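Engineer: Got a structure for you, written out below as structure tokens; questions coming shortly.
The values are calculated or read from the model by the stated rules, or taken from the named source; none is laboratory data. Here the structure is a predicted model, which means the values were calculated and not measured. Virtual Cβ from ideal backbone geometry, glycine too; neighbours counted across all protein chains shown. In case anyone asks, the SASA skips ligands and DNA or RNA and just uses the protein heavy atoms, side chains included. Shrake-Rupley method; radii C 1.70, N 1.55, O 1.52, S 1.80 Å.
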Amino acid sequence: MSPSILRTTERLAGTPAVRRGGHWWLVASTGSLLASDPAFTSELDRFAADLAAADQAVAEVVASHTAQHEARR
């Protein structure tokens, strides 16, 4: 999943990293800071894509398990 597919504003797995309008921000109760380092934002993009792929894999396993369970009924 490319980062552009993420919702307009999405927090990355409980971290202070939030993607807003195509840019990564580090958000705290005291304010926000635009993440502008290309190496850092590339890692955030990769992490977001890996998490999305993992979520998809888990959803497929659950769906397969549910289908097998239903077929046995």
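Engineer: Just give me the residues in segment 3-22 being over 22 Å from Ala54 (Cα atoms) and at pLDDT 95 or above, in sequence order.
Structural biologist: Within segment 3-22, none qualify.
Engineer: Next question, about the same structure. Return the residues of segment 19-37 that are open to solvent by less than 90 Å² (accessible area, probe 1.4 Å) and out of contact with any strand residue (DSSP E or B) (no Cβ under 7 Å at 6 or more places or on another chain); say none if nothing qualifies.
Structural biologist: The answer is Gly21, Gly22, Ala28, Gly31, Asp37.
Engineer: Go through segment 54-73 and report how many residues are under 21 Å from Thr15 (Cβ atoms) and either open to solvent by 60 Å² or more (accessible area, probe 1.4 Å) or outside any helix (DSSP H, G or I) (or both).
Structural biologist: Residues flagged as under 21 Å from Thr15 (Cβ atoms) and either open to solvent by 60 Å² or more (accessible area, probe 1.4 Å) or outside any helix (DSSP H, G or I) (or both) within segment 54-73 amount to 3.
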